[in-house]
1. Output the residue which, of all residues in the range 68-100 that are assigned to a helix (DSSP H, G or I) and without any contact (Cβ under 8 Å) to a residue 60 or more places away in the chain, is surrounded by the fewest Cβ atoms within 10 Å (Cβ to Cβ).
2. Output the number of residues of the range 48-59 satisfying the condition of being in contact (Cβ under 8 Å) with a residue 60 or more places away in the chain and surrounded by 17 or more Cβ atoms within 10 Å (Cβ to Cβ).
3. So Leu291 ticks every box in (1) open to solvent by less than 50 Å² (accessible area, probe 1.4 Å); (2) outside any helix (DSSP H, G or I) but one. Which box is left unticked?
4. Taking Asp227, is it open to solvent by 70 Å² or more (accessible area, probe 1.4 Å) and acidic (Asp, Glu)?
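The values are calculated or read from the model by the stated rules, or taken from the named source; none is laboratory data. Note that the coordinates shown come from a computational prediction; the quantities given were computed from them, not determined experimentally. Positions of Cβ are generated from backbone atoms using ideal geometry, with glycine treated the same way; all protein chains shown enter the neighbour counts. To get the accessible areas, we keep the full protein, side chains included, count just its heavy atoms, and leave off ligands, DNA and RNA. Shrake-Rupley method; radii C 1.70, N 1.55, O 1.52, S 1.80 Å.
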Amino acid sequence: MPIPDYQSLMLPTLKALSEGAETKISVVRQRVVDAEGLTSEQLEELLPSGQQTVFANRVSWAMMYMQKAGLATRVRRGVYQLSADGSSLLAQPPPKIDLNVLQEYPAFREWRSQNQKQAGTVASPPASPADTPEEALEGAARHLSDLLEADVLDRIRNSDPAFLESVVVDLLIAMGYGGGDAAKGQVTGKSGDGGIDGTIREDALGLDEVYVQAKKYAADNSVGEGDLRNFAGAIDAAGTTKGVFVTTSSFTKAARNYLTRSPKRIVLIDGREFARLMVRHNIGVRTKMNLAIKRIDEDYFQSEDN
């Protein structure tokens, strides 16, 4: 069962304040957890940024919107109380509190009106009623990243095989292989290369090397066990034990199972993972825009409550 969206959490969040006493946000969250029957797995789910749990984020936004409507008040840092309007609403509670219900309150309409005059403000409602502004923003970023990764992979598939080999070496260097020193990476792929397309020297003397194989295949042409056997044989002939096999397609189950029986240490990177790693390590892409999302510094304003 998915975690309720932030609008669905408005009513249980307000009810968590129904005793009228000053209530810590941690207590509010726990009361909502009990009322909604949320599991520990749900409570551990993080936003894509990894900076906050989805549940805590949604409760925070539910509380913030209800504050703007005057249904709850912030007493001091992390402590809230039910307002007179909130008590009146809970006397005959609606089936659900959402933005439409909050729109009935003048304070909320005025706040919304002020924010709608400011282009790009995160205080305006998210594009999807189920998302908080952070979720909507991160969802848009994920969508753009997915599109970028698909474009990167498509361009690699339509490039020359030699270009793929150089990209793989560039990526491994960017990921820290060879200490991140470009001079320690080399493209070796050529006729009679014995299945080795590149090497990464992990030490200055070249005593420990990682061998690279790159296969530019169409999406429906998977790398099979035979390809892995040949690569393992090439690694063995070179007198080393480490290899990275990259393909623009995928690996068959038999190929992956082969590695569990092979004494060689071979890492497999399929097309989707390859494109994801290229984007993450800025290979073939560049940053177009950085957005800084800021929050209130509660410590700075703490003195206002003293």
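1. Of everything passing the filter in the range 68-100, Ala91 is surrounded by the fewest Cβ atoms within 10 Å (Cβ to Cβ).
2. Qualifying residue count for the region: 3.
3. (1)
4. no
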